[in-house]
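Structure, as structure tokens:
Every number here is computed from the coordinates shown, using simple stated rules; none is lab data. In this text, all values refer to a predicted model and were calculated from it rather than measured experimentally. Note that each Cβ is placed from the backbone with ideal geometry, even for glycine, and that neighbours are counted across all protein chains shown.
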Amino acid sequence: MLIATWNVNSVNARMGHLLVWLQARQPDVVCLQETKTVDDAFPRAAIEEAGYHVAVHGQKSYNGVAILAKTPIEDVQRGMGDQVLDVQARLLAGTVSGVRILSAYVPNGASLKDEKCLYKVAWLSGLRAHLDERYSPDDPLVVAGDFNVAPRDVDIAEPQKWHKTVLAHPSMREAFARVTDFDLVDVYAAHHPQGGNYSWWDYRTASYERGVGGLRIDGILATAKVSGRAISAHIDHQERAKERPSDHVPVLMRLVAEPTRETSDR
DNA sequence: ATGGTTGCTTAGCAA
């Protein structure tokens, strides 16, 4: 089972790349972020023709999340059940093959002294509260998305440049850690302790084209029931080299087909 | 300290 997350920066603008990538990669589950469209304008038919069930939670112009899956998506839930935090479409949940999947688009926060940064912290806090309320660390649960936080220095090409920004400031890492403290494993980090690979490059500095910079601000968090099945994690950085790419690339993890038996060596 | 680019929407915002 292959599970992926990708901030596509407009699903309609990225349809060409998305369909080619789905065909080549054949992921079983895909969490999308920044779809940037209302649900009526989501390119559902073309994705269904590619062999996927589709669940969407979008809004006009900004934000927007989706889940694609080869098998049916059950018990779809939009938002986290918070009147204020749900104004922006940033969280979508669905159950696929018995695994609860959350597609999450954490607020960027703009700058440390911007009000948006307070919203970012509140949103992460709300997500933790939502996990506490609705789920147990014993559930098979995945939270995949754009975290807008690089959890470790090895997730940043030039860490010192980013420590005073919203993507890597200690206060932001703390806010993010409160989510993972629910008992979620950062699967990419667990499989790549040395880091050095990234999922986002700023358009404005052309850092990807220049072969410098990059941050891993996207990832897949999972409870033990799921992380114990993860046999590999990968970043599809070649997507960033295409013409008119998203500024983010896909992050993936592969699970063994069947849950491993905890008592198999008994 | 500022600006650089992209996308949505059409001047300005968000990232």
Does the stretch A:201-218 contain any residue that is in contact with a Phe, Trp or Tyr (Cβ under 9 Å, 6 or more places away or on another chain), closer than 25 Å to A:ASP132 by Cα, in a helix (DSSP H, G or I) and among the hydrophobic types (A, V, I, L, M, F, W, C)? no
Return the residues of the stretch A:117-132 that are charged (D, E, K, R) and exposed (fewer than 15 other Cβ atoms within 10 Å of the Cβ); say none if nothing qualifies. A:ASP132
Assess whether A:LYS242 counts as being under 23 Å from A:SER103 (Cβ atoms), within 16 Å of DNA strand B (Cβ to nearest atom) and surrounded by fewer than 16 Cβ atoms within 10 Å (Cβ to Cβ). yes
In the stretch A:1-49, the residues that are closer than 16 Å to A:ARG244 by Cα, surrounded by fewer than 24 Cβ atoms within 10 Å (Cβ to Cβ) and away from DNA strand B (no atom under 12 Å from the Cβ): A:LEU19, A:VAL20, A:TRP21
Just one listed residue, out of A:ASP39, A:ASP86, A:ASP82, is among the acidic types (Asp, Glu), under 27 Å from A:ALA177 (Cβ atoms) and without any contact (Cβ under 8 Å) to a residue 24 or more places away in the chain, and it is A:ASP86
Of all residues in the stretch A:193-251 being under 17 Å from the mean Cα position of the chain (by Cα) and of a type in the set (Asp, Glu), which is nearest to A:ASP153 (Cα to Cα)? A:ASP218
Being crowded, with 22+ Cβ neighbours inside 10 Å and of a type in the set (Val, Ile, Thr) is the filter; apply it to the stretch A:50-72 and report the residue that is farthest from DNA strand B (Cβ to nearest atom). A:ILE67
